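The values are calculated or read from the model by the stated rules, or taken from the named source; none is laboratory data. Quantities reported herein were computed from a predicted structural model and do not represent experimental measurements. Heads up, the Cβs are rebuilt from the backbone with ideal geometry, glycines too, and the neighbour counts pull from every protein chain shown. Heads up: the accessible areas ignore ligands, DNA and RNA and are worked out on the full protein's heavy atoms, side chains in. Shrake-Rupley method; radii C 1.70, N 1.55, O 1.52, S 1.80 Å.
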Amino acid sequence: MVCVRIREAKEGDCGNILRLIRELAEFENLSDQVKICEEDLRADGFGENPFYHCLIAESLPDPGDPQGPCVVGYGLYYFIYSTWKGRSIYLEDIYVKPEYRGQGIGSKIIKKVAEVAMDKGCSQLRLLALNWNKRAIDLYKALGAQDLTEVEGWHSFCFEGEVMKKLAGK
């Protein structure tokens, strides 16, 4: 079992974050959806008013090992507001490299996001899972999450690109 540290991302992590975002998109069969670049991550996550926050999971080397820590996963989150529940946190992405899965790293990332949420006075932590990602769904349920698709019947929608421009009258 690998020794892992969960820490806040630094601006210098943007290259690794983008690499992991691309790996996640490939895993989800959505590689063509990734449009951001390292500069976007830097500008959007490390400015005066960041749009997102990110946690990095890194494996720590054994004592005497010349190799330094290795980034093996991440959790990207931001704050939202529920008109029913108030302050909330949304975990946009959680990803652990395949060779490190099954070692509790994903759980550690989620628990750290929950800790941040509690420290900021949030009443809930929200996230999505693709309907075929049974392993993720099982993990979230095992940690106590409610599947709102089953419980409340919610559907998720998105406006983007030309449709969003048209809605905005641009």
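Working from label points 7 Å from Cα in the Cα-to-Cβ sense, the ASP44 to LYS166 distance is 2.4 nm. Taken along the Cα-to-beta-carbon direction at a fixed 7 Å, the label points for LEU148 and ARG22 span 3.2 nm. Taking 0.36 nm per residue of separation and subtracting the Cα-Cα distance, full extension of the segment from ASP32 to ASP62 would add 7.0 nm. Against the criterion of solvent-accessible heavy-atom surface with a 1.4 angstrom probe, THR149, THR83 sort, most first, into THR83, THR149. Each of ILE137 and GLU92 was given a label point 7 Å from its Cα along the Cα-to-Cβ line. The distance between the two points is 2.5 nm.
Considering only protein heavy atoms, with the full assembly of protein chains and a 1.4 angstrom probe, order LYS112, LYS10 by accessible area, largest first.
Details: LYS112 65, LYS10 120 Å².
I get LYS10, LYS112, largest accessible area first.
Determine the calculated [θ] at 222 nm for the chain from helices alone, applying -39500 (n - 2.57) to every DSSP H run no shorter than 4 residues and normalising by the residue count; nearest 500 deg cm²/dmol. Display every interim value, and only then the final one.
Working: 6 runs with 58 residues, N = 170.
It comes out at -10000 deg cm²/dmol, rounded to the nearest 500.
Can you give the FRET efficiency for GLU8 and CYS70, using 1/(1 + (r/R0)^6), R0 = 22 Å, r = Cβ-Cβ distance, to the nearest 0.05? Computed FRET efficiency for GLU8 and CYS70 comes out at 0.80. Mind checking the angle between helix 105-119 and the chain's longest principal axis? C-alpha axes, 0 to 90 degrees, to the nearest 10. Approximately 60 degrees, to the nearest 10.
Which trypsin sites (Lys or Arg not before Pro) in region 114-151 pass both tests, a DSSP loop state and at most 14 other beta-carbon atoms within 10 Å? Numbers along the way, then the final one.
Details: sites: LYS120, ARG126, LYS134, ARG135, LYS141; in loops: LYS120.
The qualifying sites are LYS120.
Within the chain, the longest run free of exposed loop sites, counting chymotrypsin sites (Phe, Trp or Tyr not before Pro) that sit outside DSSP helix and strand states (H, G, I, E, B) and have at most 12 other Cβ atoms within 10 Å, spans 1-50. In the complete set of protein chains, residue-level accessible area for CYS70 is approximately 40 Å², probe 1.4 angstrom.
Ignoring any ligand, DNA or RNA, what whole percent of the accessible area of region 79-170 comes from carbon and sulfur when the probe is 1.4 angstrom?
Numbers: 3760 of 6860 Å².
Carbon plus sulfur share of accessible area: 55 percent.
Beta bridges assigned by DSSP with both partners in region 1-151 are antiparallel in approximately 85 percent of cases.
Rolling a 1.4 Å probe over the protein heavy atoms gives region 1-138 an accessible area of 60 Å² per residue. Select one label from (1) 17.6; (2) 20.7; (3) 20.1: the one whose number is Kirkwood radius over Cα pairs in Å as derived from the coordinates shown. From the options (1) 17.6; (2) 20.7; (3) 20.1, the structure gives (1). Rolling a 1.4 Å probe across all protein chains gives MET118 an accessible area of roughly 130 Å². Accessible surface of SER156, taken over heavy atoms with a 1.4 Å probe and every protein chain present, rounds to 90 Å².
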